[in-house]
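Bear in mind these aren't lab numbers, they're just calculated from the coordinates by the rules spelled out. Because the structure is predicted, anything quoted here is derived from the model rather than measured. Cβ: placed from backbone, ideal geometry, glycine included. Neighbour counts: every protein chain shown.
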Amino acid sequence: MNTVIFRTLAPLIVAIMLVFSMYICLRGHNEPGGGFIGGLIAAASIGVFGMASGVATVRRALRVDPIAIAGFGVVLAGFSGLLSLFTGSPFMTSIWLYVPLGDSNIPLSTPLFFDLGVYCVVFGTLSAIALSLESDREEDL
């Protein structure tokens, strides 16, 4: 599936999918969504980009090894759970911090960082798998 139309539209499709994946990830606290679904959408966008441009181009665009992204996500998700132990609460108890910004307060929470960690784990793992499968397919051609 390496047509001119697909190669031309793939960067637009990837950009839209990445923005949508972050939207789904960040709205996951109050509505359906979260880090897992957002990571799936982001990894699918990397798969689309890989089919259109090739594995070498995707790896250059990512600049970081997908497995390193997954490892960072594990550390971030684990650390967000450990923060509650410093307050004397059970593991994975939510902690909220309200940061004043102008006329409003921005809520930051440990569930947000946990979701971002899950997002990175899913994105990194599935991107590594997709790139590996795509590179195997390129070698067969």
inquiry  = Tell me the angle of helix 4-26 to the major Cα principal axis of the chain, expressed in degrees between 0 and 90 and rounded to the nearest ten.
reply    = 10 degrees
inquiry  = If I fit a long axis through the Cα atoms of helix 110-140 and take the longest principal axis of the Cα atoms of the chain, what angle between them do I get, 0 to 90°, rounded to 10?
reply    = 10 degrees
remark   = The longest stretch of the chain containing none of the trypsin sites (Lys or Arg not before Pro) that sit in a DSSP loop with at most 15 other Cβ atoms within 10 Å is 64-141
ask   = How much FRET efficiency would the formula 1/(1 + (r/R0)^6) give for Val99 and Ser132, where r is the Cβ-Cβ distance and R0 is 41 Å, rounded to 0.05?
value = 0.55
note = Here the gain from full extension of Ile16 to Thr87, 0.36 nm per residue of separation minus their alpha-carbon distance, amounts to 21.6 nm
key: Rounded tilt (10° steps) of 35-53 against the dominant C-alpha axis of the chain   = 20 degrees
key: Theoretical FRET efficiency, 1/(1+(r/R0)^6), r = Cβ-Cβ of Phe36 and Thr8, R0 35 Å, to 0.05   = 0.65
